[in-house]
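Have a look at the structure below, then the notes.
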Amino acid sequence: MVRTLPIIQASGSFTSKVTLRSAPVYFNFQYKNQVRIERLLLGINVRKSCGHDMTPHDMIPPRLIKESATVIAGPLAKIINSSIDQRRYPARWKMGQVTPLLKKGEELNKHNYRPVTVLPALNNIYERLLSSQLCDFYRDILSDFTSVYRKYYSCETSLLRMTEDWRSMRDKGELVAVMSMDLPKAFDVIPHSLLLAKFKAYGVGEDSCALLRDYLSDRSQR
């Protein structure tokens, strides 16, 4: 599938186009093998928190997980593949431990703190597996000018692109006007129904959308 989309330049006019490369039009999460999961377990950062402590069984230190990677990779692969097959995300892995981090200002003012949710280490392994599959699928679909949350892309690459556009326009004697905006707590206001509709519109199958829907629902924090 090849599509051509207009790109909005800094002046606000549609002056160039990007042709999206051929890409698959249908996606479903694939089962993962023990070797891949063991590799991720061995890469765990042992300095990270172990997540929530709803019960004593949940307090599994990342160091212990890493050192037992060879033993637990097989059972963990079965759990993850079963989750994909049943389109249900493990409920325990949706429980988060919230820690307030001071952003700036007076320490006694609660509005100066940012809540950070720490999830179980095994959940992070599963999330990375799902994320890598989605990123591989969307790599040839998303525009090259989309920089957010993509490997080898960043705020710096986006800024470099815009700076060069502005420089080129000024060299031609054109005016440059820039309007920027920042949405506070943007992730907190994303409608899950709209997000899932976007996934479906971009080729994610019903089974995978069902898994993502379960992933987003019935989450808890403490």
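The values are calculated or read from the model by the stated rules, or taken from the named source; none is laboratory data. This one's a predicted model, so the numbers in the text were calculated from it and none came from an experiment. Methodologically, a virtual Cβ is constructed for each residue, glycine included, from the backbone with ideal geometry; neighbour enumeration extends over all protein chains shown. Protein only, heavy atoms only, side chains kept; ligands, DNA and RNA dropped before computing areas. Shrake-Rupley method; radii C 1.70, N 1.55, O 1.52, S 1.80 Å.
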Test: residue in the stretch 69-92 that is surrounded by fewer than 12 Cβ atoms within 10 Å (Cβ to Cβ), among the aliphatic types (A, V, I, L, M), touching a strand residue (DSSP E or B) at 6+ places or on another chain (Cβ under 8 Å) and modelled with pLDDT under 95: no
Exclusive hit being modelled with pLDDT of 70 or more, surrounded by 12 or more Cβ atoms within 10 Å (Cβ to Cβ) and closer than 30 Å to Asp144 by Cβ, set Leu20, Leu64, Leu40: Leu40
In the stretch 105-121, the residues that are open to solvent by less than 80 Å² (accessible area, probe 1.4 Å), of a type outside the set (Gly, Ala, Ser) and over 25 Å from Phe29 (Cα atoms): Asn109, Asn112, Tyr113, Val116, Thr117
Members of the stretch 64-119 found to be within 30 Å of Pro184 (Cβ to Cβ) and hydroxyl-bearing (Ser, Thr, Tyr), listed by number: Tyr89, Thr99, Tyr113, Thr117
Residue among Leu102, Leu129 that alone is closer than 24 Å to Gln221 by Cβ and either open to solvent by less than 50 Å² (accessible area, probe 1.4 Å) or among the polar types (S, T, N, Q) (or both): Leu129
Of residues in the stretch 168-219 being farther than 22 Å from Trp93 by Cβ and among the polar types (S, T, N, Q), the one modelled with the lowest pLDDT: Ser180
Subset of the stretch 147-173 (residues that are surrounded by 13 or more Cβ atoms within 10 Å (Cβ to Cβ) and within 17 Å of the chain's Cα centre (by Cα)): Ser147, Arg150, Tyr153, Ser154
Count of the stretch 179-217 residues which are touching a Phe, Trp or Tyr at 6+ places or on another chain (Cβ under 8 Å) and either open to solvent by 60 Å² or more (accessible area, probe 1.4 Å) or among the charged types (D, E, K, R) (or both): 3
